[in-house]
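Okay, so here's the structure we're looking at.
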Amino acid sequence: MKFVVSCGELLRRLQAVGRVIASKSPMPIMDNYLFVLTGENLIITASESEMRMVTPLQVSNLEGDGKVCVPGGKLTEYLKSVPEQPVTFTINEESLQIEIATNSGRTVQVGQPADEYPEKTPLGEGEVKEFNISAKALITGINKTVFATANDDLRPVMEGVFIEVKPDSVTFVATDSHKLVRYTRTDVNAGVEASFILNKKPAQLLRNVFASEEGDVNVKYDDKNIVFTAQTYEISCRKVQGNYPQYDSVIPKNNPFHVTINRAELLGAINRVSLYADGTKLVRLDIENSAMQVSAQDLDFSYQATDSIACQLDGDPMSIGFKASYFIEVLNSMTADEIKIDLADPSRAGVITPLQKQENEDELLLIMPMKI
C-alpha cells in the first residue's frame, strides 16, 4: 500500500481529528489514527469512548488499498518539522511497517492491526431524524451558549447545550443555574421538529473544527448517537441522556425596569472594580436615571473600588448585586454595542438582550443576582 500526500495538509487534518484522542485512553489502540486507503482518498479516523471524527483526504500515486493504525504522537511531531512538500507513505500490510519518505530523508515506524480499531456505531437505535443547518449558524449557536454549561457530573444534562429544532428555526440553550443563554436562529429551514442535548466536549470540538467549514452541516441522530457531517469532517458522539430543564419557566416575564447601557463600558467597569472584591466576587450596581455606579469592596483588607458609567433607566432607582465572573462571561459572549437589562427587584434575575437585534437572531441572557 503506497500513496503520496501533501505534508502540510496531512498535518492539518491530523491535528484537527487528533483533538478527539483522549489523554488517557482506556484502549491503547485508540491512541492511534486509523488510516484507510480507498479509491483516491485516505480516510483518517480518530476516536475515543464517546466521540469519533473522520476526514477524507485526497492523495495521489496510489498503489493498492488497505488500512492500518498509525501511532499518532511521533507522526504529527515529525510532520511539524518537515517543510511543505509531497511525502510518500509506503505501508507493508504484513509487517505493518510504515515508511515515510521526504525529499531529504525517511523515517520508519510500526503500525498496529486495523482490525483492532473500534468500529463506528451505526445509527438505527430508535427513530433516526435528520436536518441541515448552515455551518455558520451551528457554530454561532454553540459559541453563544457553550460557556454557560455547568461542570456537574451529578447532572450531566446541565453539562451540555440543548438544541431544539423546529421546521423554521433552531434554538440553542445552556445554563448552569447561575446564568442562562437562549439563542434562536430563524434563518434555518430544518423542516423537522427535534431536540437533543449535546455535551460540551463535542460542542467545543465542533466549534473549533467546523469554524472554517462552508455550506451546510447535515445532522443525523437516533436515541443514543448524533452525527455531524460537513464538507471536510464528520463528527459523531453520544447524546446526553435525560430531560433538559424547562428553561422558559425560569425566565422572568414581567420586568418593569429597563436599563440601556453600553456593553463595553459596563464590561470594563466590572473588570476594574472586581479586582477589589472579596472572596464572593460580588459587584454592586447602583442604578440611577442617567448613571450606574459599579462598586466592590473587601472589608478584610480595606479594599474598595467604584466606577460610574452613563446609562438610561426606565423605572425607579435600584441597587442590585451580581457575581462579577458570571457577569463578565455573559457580557463577553455578546457582540452588541448597546444592551438592555430588564429588572424587577434585587432578588430576581436580570434579563439581558441586545438593544438592536440582528436579523434572523434572537438572543437572551439571564443572570441570577447575589444578596447585597
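The values are calculated or read from the model by the stated rules, or taken from the named source; none is laboratory data. All values reported here derive from a predicted model rather than from experimental measurement. Glycine also receives a Cβ, built like all others from the backbone with ideal geometry; neighbour counts cover every protein chain displayed. Only protein heavy atoms, including side chains, enter the accessible area calculation; ligands, DNA and RNA are left aside. Shrake-Rupley method; radii C 1.70, N 1.55, O 1.52, S 1.80 Å.
Observations on the structure shown:
- The residues listed here are SER302, SER236, SER319; of these, the one that is farther than 19 Å from PRO354 by Cα and open to solvent by 90 Å² or more (accessible area, probe 1.4 Å) is SER302.
- Filtered residues of segment 244-280 (kept if of a type in the set (Lys, Arg) and open to solvent by 80 Å² or more (accessible area, probe 1.4 Å)): LYS253, ARG272
- Filter pass, THR45 being under 23 Å from the mean Cα position of the chain (by Cα) and assigned to a strand (DSSP E or B): yes
- Hey, ASP307 more than 30 Å from ASN189 (Cα to Cα), acidic (Asp, Glu) and surrounded by 16 or more Cβ atoms within 10 Å (Cβ to Cβ) or not: yes
- Residue in segment 331-353 that is of a type in the set (Lys, Arg), at pLDDT below 95 and either in contact with a His (Cβ under 9 Å, 6 or more places away or on another chain) or not in a helix (DSSP H, G or I) (or both) present: yes
- From the options LYS201, LYS253, residue that is free of Cβ contacts under 8 Å to residues at least 24 places away in the same chain and either among the aromatic types (Phe, Trp, Tyr) or out of contact with any Asp or Glu (no Cβ under 6 Å at 6 or more places or on another chain) (or both): LYS253
- If the condition is being open to solvent by 80 Å² or more (accessible area, probe 1.4 Å), within 14 Å of MET1 (Cα to Cα) and either of a type in the set (Phe, Trp, Tyr) or touching a residue at least 40 places away in the same chain (Cβ under 8 Å) (or both), then segment 81-103 contributes only GLU93.
- Condition check for LYS281: at positive phi and of a type in the set (Lys, Arg): yes
- Where a residue in segment 150-164 is touching a residue at least 12 places away in the same chain (Cβ under 8 Å) and surrounded by 12 or more Cβ atoms within 10 Å (Cβ to Cβ) and its partner, wherever it lies, is of a type in the set (Val, Ile, Thr) and in a strand (DSSP E or B), with Cβ under 6 Å and at least six apart: VAL157/ILE197; GLY160/ILE197; PHE162/VAL173; PHE162/ILE197; GLU164/THR171
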